[in-house]
Amino acid sequence: MPSPRIFISYSSIDQDTASYIHAELLKRGADVFIDYRGLMEGDDFHERLAGEIKGRDIILFLVSANSIISNWVKTELKYAFLHHKQIVPLALDNSELPDALFFVDVIQRRTFERTPASLDQLAAALGVTPNPVSVKTTGSLNAPDFSGKLQNDAKNVLRVLPPPFEWCYIPPGRVTLEDFSAKGGTRGGAYMLDGFALAKYPVTNAQYDIFVIASDGFADAKWWDFSDMAREWRASHSYGQLSSYGNEECPRVSVTWYEAVAFTRWLAAKCEQPIYLPSEQEWQRAAQGDSGYTFPWGNDFDAEKCNCSVGINPVKRTTPVTKYANGKSIYGVMDMSGNVSEWTATGWGDEQVILQRDARRVLRGGSWNLGISSLVRAGHRDWAMPDDWNMNVGFRVARAITP
């Protein structure tokens with residue numbers, strides 16, 4: 001019997017706890033939706049909310065002093081009653097249920113605890129069962145650890161680009177993408193990936209400028225022949241723009257998806273390595289590993305571990321890619337939360353990695369100007385048109401692992 005489709009209703013003040021519960025239920029095989037994005041430009045929020053609730057089996061209501069007075073939560077519960085949905089309250093504190101819910105039993109009347117046993121109990125109460133059939137395989141999962149070889153290969157990259165540069169080995173494993181179908185993305189699901197390597201840092205201003213200046217770099221037409229749209233874009237941009245935002249070790253921004261792909265193709269040829277723009281599954285695997293963490297470093301947001309506009313006195317611009325070492329992922333990859341949103345090779349809405357297609361492309365990681373912590377989560381998915389560029393978007397490179 002398939003697991004029920006779950007909608008989490010919560011107060012934004014309880015966002016950290018809601019994010020944790022969401023991540024843990026995903027790890028246990030649940031099909032669960034949580035609205036991290038709030039009111040975004042172009043949304044009809046009420047219509048989207050009603051559609052999501054209508055398509056779910058269970059409304060998991062996180063009961064707290066905050067949620068029982070939240071107008072948004074009241075609206076969600078109203079839609080749930082209207083569509084005859086099962087409402088399952090989970091007590092986060094000792095607050096009493098609203099009168100309209102006096103007839104339902106509350107899971108864990110005591111304060112919710114962040115323990116495996118507590119989450120197992122919740123998953124069982126919701127009827128969640130693992131569904132290994134849904135796991136999608138993208139490789140053979142037979143890659144050994146190539147960490148030693150990658151150190152030498154990083155030295156070869158540094159003969160072309162200025163530091164900092166390191167390859168981080170990402171071992172084979174599973175990654176679960178969240179359901180973003182309500183925003184035109186895919187329903188996500190679980191994937192198994194082969195081992196690969198990801199650059200420890202986003203591409204910096206100084207590194208990208210080498211591509212712009214080199215006679216065999218930006219100006220060489222062969223790096224742009226991967227699609228008709230890339231060739232057209234290059235034809236209307238006869239020369240590359242040198243970096244002008246932030247210092248040399250800040251991430252390069254104001255770069256289109258076409259430029260990011262062209263850079264990776266140039267770097268692959270210069271270094272004689274299988275370098276490419278990562279897929280969103282690879283990006284998220286490098287950010288989370290097997291932990292399922294909400295953020296690269298853990299489940300709780302920490303403004304001291306990333307560059308975004310949450311917290312007291314945010315930086316409000318890009319920062320050097322080496323600054324937030326305490327915010328690295330379990331594989332040592334840095335700046336995966338904030339600083340710049342990063343291009344991936346994946347198409348938005350279809351998950352295809354086909355460079356020849358003219359398609360919206362997935363962005364990951366969130367940027368320095370975002371004032372909501374949920375938008376810099378490891379699992380957050382976003383998109384942009386391939387010719388879009390602004391001071392919030394950059395990229396990093398990946399490398400295939402070959403025997």
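Read-outs throughout are calculated quantities, based only on the coordinates presented, and are distinct from any laboratory measurement. This structure is a prediction, so every number in the text was calculated from the model and none was measured. As a convention, Cβ positions derive from the backbone with ideal geometry for all residues, glycine included, and neighbour counts pool all protein chains shown.
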- Query: Could you give the nm distance between label points at Ala214 and Asn71, where each point is 7 Å from its Cα heading toward the beta carbon?
  - Reply: 5.5 nm
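Given Cβ point charges of +1 (Lys, Arg) and -1 (Asp, Glu) and nothing else, what value in debye, to the nearest 20, does the dipole of the chain about its Cα centre take?
Working: 41 positive and 48 negative charges, 90 e Å.
Rounded to the nearest 20 debye, it is 440 debye.
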- Task: Putting +1 on Lys and Arg Cβ atoms and -1 on Asp and Glu Cβ atoms, find which of Asn247, Phe61, Ala199 reaches farthest to the positive end of the dipole of the chain.
- Result: Ala199
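Please state, rounded to one decimal and in Å, the Kirkwood hydrodynamic radius that the chain gives when every pair of distinct Cα atoms enters the mean of 1/r.
Numbers: mean 1/r = 0.0451 Å⁻¹.
It works out to 22.2 Å.
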- Given a Förster distance of 25 angstrom, what is the FRET efficiency for Ala303 paired with Asn94, based on the Cβ-Cβ distance and rounded to 0.05? 0.30
- Note on the structure: Filtered hits (lysines, Cα-Cα < 17 Å from Lys149, offset >= 8 within chain) -> Lys200
- For Asp16 and Gln121 in one chain, what is 0.36 nm times their gap in residues minus the Cα-Cα distance, to one decimal in nm? 35.8 nm
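Beyond 24 Å between alpha-carbons counts as too far, so tell me which of Lys155/Lys305; Lys74/Lys316; Lys183/Lys316; Lys270/Lys305; Lys155/Lys323 fall in that bin. The partial results should precede the final answer.
Working: Lys155/Lys305 28 Å; Lys74/Lys316 34 Å; Lys183/Lys316 27 Å; Lys270/Lys305 34 Å; Lys155/Lys323 22 Å.
Pairs exceeding 24 Å: Lys155/Lys305; Lys74/Lys316; Lys183/Lys316; Lys270/Lys305.
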- Query: Who wins for biggest fluctuation among Asp335, Asp388, Asp99 in a Gaussian network model of the chain, springs between alpha carbons below 10 Å?
  - Reply: Asp99
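Say R0 is 25 Å: what FRET efficiency, to the nearest 0.05, do Ala182 and Ser254 get from their beta-carbon distance?
Values: r = 30 Å, r/R0 = 1.19.
E(calc), rounded to 0.05, equals 0.25.
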- Looking at the P(r) of the range 233-318, how many percent of alpha-carbon pairs lie beyond 20 Å? 59 percent
- Can you tell me the order of 246-259, 70-83, 11-24 when each peptide is scored by its average per-residue count of other Cβ atoms within 10 angstrom, highest first? 246-259, 11-24, 70-83
- Query: Hey, what do the phi angles of the range 198-204 turn into as Karplus ³J(HN,Hα) couplings, whole Hz, using 6.51/-1.76/1.60 and θ = phi - 60°, x for Gly and Pro?
  - Reply: 10, 4, 5, 10, x, 5, 8
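Subtract the Cα-Cα distance of Ser236 and Lys54 from 0.36 nm times their separation in residues, and report this length gain in nm to one decimal.
Numbers: separation 182, 0.36 × 182 = 65.52 nm, distance 4.67 nm.
Gain in length upon complete extension: 60.8 nm.
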